[in-house]
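A.B. asks: Here's a structure for you.
No value in this document is a laboratory result; all are computed from the given coordinates. Note that the structure is predicted; figures quoted are calculated from it, not measured. Here Cβ is always computed from backbone atoms with ideal geometry, including for glycine, and neighbour counts include all displayed protein chains.
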Amino acid sequence: MAWKLVPIWSGNFDFFGRQRDLFSDWLEHFDDDWRAVTFNDSLQRFDRELDRVRRELYKMDAKPSMLNVEQPFITDPSGNRKLSLRFDCSQFKPEEITVKTLDNKLNVHAKHVEEGKGRKSYQEFTREYTLPENVDPKQLKSHLSSDGVLEIEAPAPKAVEAPKEVLIPIEHLHSKESSDKGDKK
């Protein structure tokens with residue numbers, strides 16, 4: 001029986017280790033900013049970038065995509081009962097947001113991609129909500145405020161009890177300086 005020798009590659013098998021091993025092959029494709037310094041300085045910078053990416057991967061939004069809203073119904077000041085859901089979409093442009101339903105599931109999805117010199121930023125938001133019984137998905141309406149709050153509403157079924165919403169006026173306090181300016185007019 002003859003033995004055969006099999007070459008063994010030793011090195012890091014994790015993603016970030018493999019990226020580091022490939023750095024010298026990639027350096028020629030990097031911009032002048034990377035090539036202007038010594039190889040070791042570039043490698044240290046690359047390691048810092050990999051560490052930053054690794055840290056940020058663990059910071060990603062870990063919220064569950066399925067919403068659980070205890071009291072989705074409100075009564076507006078006119079006495080109308082309705083389903084009312086609000087989502088903070090302030091970091092997305094209106095054309096980056098989609099709202100759709102499939103059977104009795106509401107899906108809100110927003111995706112933003114931004115590219116610049118040597119960088120790419122990607123942000124995504126997804127929330128799913130199971131509509132309560134007797135809420136007609138065809139009756140849903142969505143409104144996006146100027147500050148990026150997406151509100152989704154639908155008429156509530158007759159049997160739903162909803163708390164009465166009371167609007168509380170906001171008093172605007174004027175500083176002494178602004179009232180002094182008003183007196184000078």
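A.B. asks: Please report how many Lys pairs in region 73-155 have alpha carbons closer than 27 angstrom, counting only residues at least 8 apart along the chain or sitting on separate chains.
C.D. replies: Close lysine pairs under the 27 Å cut-off: 19.
A.B. asks: A further question on this structure: Going by average Cβ neighbours within 10 Å, how do the peptides 82-91, 102-111, 36-45 rank, with the highest at the top?
C.D. replies: The most tightly packed comes first, giving 82-91, 102-111, 36-45.
A.B. asks: Moving to a separate point now. Taking the Cα-to-Cβ direction at HIS29 and at THR98 and moving 7 Å from each Cα, how far apart do the two end points lie in nm?
C.D. replies: Each label point is offset 7 Å from its Cα along the Cβ direction, giving 3.0 nm.
A.B. asks: Moving to a separate point now. Between GLU70 and GLU128, what length comes free when the chain is fully extended (0.36 nm per residue of separation minus the Cα-Cα distance, one decimal in nm)?
C.D. replies: My answer for the length gained is 19.4 nm.
A.B. asks: Quick one: grab the alpha carbon gyration tensor of region 73-155, order the square roots of its eigenvalues as a ≥ b ≥ c, and give me rounded if a/c is under 1.5, else prolate or oblate depending on whether a/b is larger than b/c. Please report the intermediate quantities before stating the final value.
C.D. replies: Working: a/c = 3.64, a/b = 2.01, b/c = 1.81.
Prolate, because a/c is 1.5 or more and a/b exceeds b/c.
A.B. asks: A follow-up question, please. How much length, in nm to one decimal, is gained on full extension between THR38 and LYS111, taken as 0.36 nm per residue of separation minus their Cα-Cα distance?
C.D. replies: The span from THR38 to LYS111 would gain 22.5 nm if fully extended.
A.B. asks: Please find the FRET efficiency linking GLU151 to ARG52, where r is the Cβ-Cβ separation and R0 is fixed at 41 Å, and quote it to the nearest 0.05.
C.D. replies: 0.70
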